[in-house]
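No lab work stands behind these numbers, since they all come straight from the coordinates. Predicted, not measured: the structure shown is a model, and the values here were computed from it. Cβ placement follows ideal geometry from the backbone for every residue including glycine, while neighbour counts extend to all protein chains displayed.
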C-alpha cells in the first residue's frame, strides 16, 4: 500500500485529514510528522508517494522544508501539495516557487481534497501498471 506523508503541527488538522483517509476510503496509509525538521528524514526513510505540507510550521516552515526536499536526490521527485492557512495574494506563487505542485487553502474542502487524492492515487496506479507491463 502506498504511503502519504502529512507534515502538520496542528493535531486537530491532522485528525481531520486522518478522517478523510478513513471515511473517504483513500487507498493509502497516512504517516504523520509535526515539524519541518522531521519531514526530510522520514521522507527519505519511508519514500512516500506524496507529501501534504502545512506551510505554517514552527522552526523550519513548510516552504523551506519543501525546498530541502526538492534539493535532495532521494526526495526531489516526491510531489508536495501545500495545505495552508496562507491564502493572501502571492502565497500560492510562493508555494509553487518552493516546489509545491498543488495548493489547498484552509479551511479545506475535505471533499475536494479526498477527490484529488483518489485521482492522484488512481493515476499513480495506472502509471505503475504500465511500467510493470512493459518490463
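How far apart, in nanometres, would the label points at residue 127 and residue 72 be if each is projected 7 angstrom from Cα along the Cα-to-Cβ direction?
2.0
Could you give the angle, 0 to 90 degrees to the nearest 10, between helix 11-23's Cα long axis and the longest principal axis of the Cα atoms of the chain?
Approximately 20 degrees, to the nearest ten.
Taking 7 Å along the Cα-to-C-beta vector as the label spot, tell me the residue 45-residue 11 distance in nanometres, rounded to one decimal.
Taking the two extended label points, one gets 2.1 nm.
Report the dimensions of the chain along its three principal axes from the alpha-carbon atoms, largest first, rounded to Å.
Dimensions of the chain along the principal axes of its Cα atoms: 44, 34, 26 Å.
How much length would be gained if the chain were fully extended between residue 25 and residue 93, taking 0.36 nm per residue of separation minus their Cα-Cα distance, in nm to one decimal?
Contour length minus Cα-Cα distance gives 21.4 nm.
Using alpha carbons only, how many degrees (0 to 90, rounded to 10) separate the axis of helix 62-71 from the longest principal axis of the chain?
Approximately 40 degrees, to the nearest 10.
Starting from 0.36 nm per residue, how many nanometres of slack lie between residue 105 and residue 3 once their C-alpha separation is accounted for?
Here the answer is 34.5 nm.
What do you get for the angle between helix 110-133 and the principal long axis of the chain? Use alpha-carbon atoms, 0 to 90 degrees, nearest ten.
Tilt of helix 110-133: around 40 degrees.
What is the distance in Å between the Cα centroid of the range 61-135 and that of the range 1-38?
13
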